[in-house]
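*Asks:* Pasting in a structure now, in structure tokens, and then I'll have a few things to ask.
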Amino acid sequence: MPKRPAVIGIDLGGTKLLAAVIDSDGNVIDAKKVTSPKTNSDAIVERLITVIEALRTQHGENGTEIAAIGLGVPGVVDRESGTVIAAPNLPLEGVELGRIVSGASGLPTEVGNDVTLATMGEAWFGAARGVENVLGIFVGTGIGAGIVVDGKMYLGAHGGSGEIGHVLMQRDGPECGCGRRGCLEALASRTAIERDIRSEVEDGRMSVLGDRVRAGKRLRSGRIAAALEEGDSLTTEVVNRASSILGTAIGSVVNVLDPDLVVVGGGLVEACGLFMMPVIIESANSRMMPVPGGPVPVVPSQLGDNAGILGAAALAFEAHNVRKPGGATAYAPVVEWVADGEVVVNGERRVDDFFIRADGKVRKRKRRLSRAELGTDRALSVAEAQFICDGRPSVLIVGAGERGQLPISNDARSWLESQGIRLVSAPTRAAITEYRVRKGPRALLLYLRDS
């Protein structure tokens, strides 16, 4: 049997270089993490080639053929030529990185902006899998965005789209790394949070981070998260303010782009998302203009630190005509119970039977599948279960009516068990609650007709 195609995805950051062999289903077969040289471009290229050759040698021995390389860089990139136009944190400005790495490795190499590729990773393999229009926001040392329109990355006329970190949020506000004042990045990034905590501690505010600040040590995302978990009032105040500003920016951009979904990730959100996401969502929703089925869902990244390498892999696969995989997504529409036989999905009233697949898409129930097999649509057949579960959910939740009027056939139960898909059948209201609180890829069928 032929092996799945594999590529090397690389996330080249200002401090670390993460590279991995990845197959077309998004499986990370092997990964290597090393420091990023900052001395000159030759040192960076040498480190890249060393890591690439180590991965190729190891996986050539077990029969894995590497077809191409995808490379994400923190800066503005000319995708056509693979040239880095600007890279504030690395000495790569003007370097034809794609041509150089391709020549040294002998492999086709695609180069893109790191945040754009992280969004692409979520769209191919993560929280936005199967979603056509996506805004990705990634928060760490800085803040950047990626945009997917009609299933394709939107780069802009000059390849510089997604610089949300430099949207003006406060005139005459704090100075940003770009040299301007009041940028989103200067108000809501980890760098901004660290600056504000330091300033308050130096002015006499008490904090569990006080000793670290006075010792001149850095406040990494993990340290900030630990302070939040301890209930530190200063850290909570600063992070909540940054999260609210971030949500305001997201809501404003949603009003311009009208995406299906917003994915929020990056090192800061990865560490502090439990505290940040509720504030971000509330703030974003308060700024969004009303749209049918709104507000637009805002969800955390599903890929975490692997978003960059998986996005780089997706870039390489796309360039070589490998199809984007379908399947499960972290995106789940908001379902609300109204009354017996009536629910609301993303703000839209529904009174007829419907289902939601693991990719988050809402569809009218295909009753004919059960009628053809069972002679009635007042039960769930194996054919209908298979149709609903297209996309690999881990669980199928069935809202069987308020009095449990929709039985599941034995064949359907056996098939679900054989596929490793858990079955949860409950009255409609309880099923909706189960769907809303459960994590991971799930499918939902709601039987409303006889409720």
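*Asks:* Out of the strands (runs of 3 or more DSSP E) lying entirely within the range 253-344, which hold 1 or more residues that are closer than 29 Å to VAL239 by Cα and in contact with a Gly (Cβ under 6 Å, 6 or more places away or on another chain)?
*Replies:* Answer list for the range 253-344: 261-265, 298-300.
*Asks:* Go through (1) within 29 Å of SER252 (Cα to Cα); (2) at pLDDT 95 or above; (3) among the small types (Gly, Ala, Ser) one by one and return the number of the condition GLY304 breaks.
*Replies:* Here GLY304 clears every test but (2).
*Asks:* Of all residues being more than 26 Å from the chain's Cα centre (by Cα) and of a type in the set (Gly, Ala, Ser) in the range 417-430, which is modelled with the highest pLDDT? Just the residue, please.
*Replies:* Looking at the filtered set, the residue picked out is SER425.
*Asks:* Of all the residues that make up the range 219-268, how many are closer than 12 Å to LEU135 by Cβ, buried (at least 24 other Cβ atoms within 10 Å of the Cβ) and not hydrophobic (A, V, I, L, M, F, W, C)?
*Replies:* Going through the range 219-268 one residue at a time, the tally reaches 1.
*Asks:* If we scan the range 226-240, do we find a residue that is touching a helix residue (DSSP H, G or I) at 6+ places or on another chain (Cβ under 8 Å) and assigned to a loop (DSSP other than H, G, I, E, B)?
*Replies:* no
*Asks:* As an exercise: evaluate GLY311 against (1) in the same structural domain as ARG429 (by TED's automatic domain parsing); (2) modelled with pLDDT of 90 or more; (3) crowded, with 18+ Cβ neighbours inside 10 Å and give the number of the one condition it does not meet.
*Replies:* Every condition holds for GLY311 apart from (1).
The values are calculated or read from the model by the stated rules, or taken from the named source; none is laboratory data. Just so it is clear, the structure is predicted and the values come from calculations on it, not from any experiment. FYI the Cβ positions are ideal-geometry reconstructions off the backbone, even for glycines, and counts take in every protein chain you see.
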